[in-house]
Amino acid sequence: QVQLLESGGGLVQPGGSLRLSCGASGRRLSIRSMGWYRQAPGKQRELVASMPLGGSITYVESVKGRFTISRNREMNAVFLQMNDLKPEDTAVYFCYVNNLGYDYWGQGTQVTVSA
């Protein structure tokens, strides 16, 4: 079993920045991939950024150039630096990990971009 703890959401004005953090804990951690999804009201959950072990980082087109995903492998943590935030970025952001072939999800953190 893997537990994920997220932090860093909040309310920010358009053009502002936020940094999301997610730490994984549990027994037998052998993480293959970490990343972030988001879900806006009335919309399907979408992949925002993914960082697979030994693979290429991917971003959804709408955040390219504004968001940066990074990872601290020693701490089993993943981060999402979000710059130049727009109202359409408003959503609940979920951290996920794939550990030994199984997907685990965080509880979600609200990001609201509004003037």
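The values are calculated or read from the model by the stated rules, or taken from the named source; none is laboratory data. Since this is a predicted model, take the numbers as computed values, not measurements. Here Cβ is always computed from backbone atoms with ideal geometry, including for glycine, and neighbour counts include all displayed protein chains. The area values use the complete protein model at the heavy-atom level, side chains included, leaving out ligands, DNA and RNA. Shrake-Rupley method; radii C 1.70, N 1.55, O 1.52, S 1.80 Å.
Quick notes
- The listed residue being over 12 Å from VAL97 (Cβ atoms) and either in contact (Cβ under 8 Å) with a residue 60 or more places away in the chain or in contact with a helix residue (DSSP H, G or I) (Cβ under 8 Å, 6 or more places away or on another chain) (or both), out of SER33, SER56, SER70, SER17: SER17
- Hey, LEU85 open to solvent by less than 40 Å² (accessible area, probe 1.4 Å), part of a loop (DSSP other than H, G, I, E, B) and in contact with a strand residue (DSSP E or B) (Cβ under 6 Å, 6 or more places away or on another chain) or not: yes
- Residues in the range 82-93 that are of a type outside the set (Ser, Thr, Tyr) and under 17 Å from SER70 (Cβ atoms): MET82, ASN83.
- Selection count, the range 57-81, where residues are loosely packed, with under 15 Cβ neighbours inside 10 Å and in a loop (DSSP other than H, G, I, E, B): 6
- Selection over the range 67-105 of residues that are more than 26 Å from VAL12 (Cα to Cα) and of a type outside the set (Phe, Trp, Tyr) gives a count of 10.
- Taken over the range 93-115, residues that are part of a strand (DSSP E or B), closer than 14 Å to GLU6 by Cα and open to solvent by 40 Å² or more (accessible area, probe 1.4 Å) amount to 3.
- Every residue from the range 22-49 that is in a strand (DSSP E or B), of a type in the set (Ser, Thr, Tyr) and surrounded by fewer than 19 Cβ atoms within 10 Å (Cβ to Cβ): SER25, SER33
- Any chance GLY42 is within 14 Å of THR90 (Cβ to Cβ) and free of Cβ contacts under 8 Å to residues at least 24 places away in the same chain: yes
- The condition of being among the hydroxyl-bearing types (Ser, Thr, Tyr) and farther than 19 Å from VAL113 by Cα holds for TYR59.
- So LEU5, is it open to solvent by less than 50 Å² (accessible area, probe 1.4 Å) and either at pLDDT below 95 or touching a Cys at 6+ places or on another chain (Cβ under 8 Å) (or both): no
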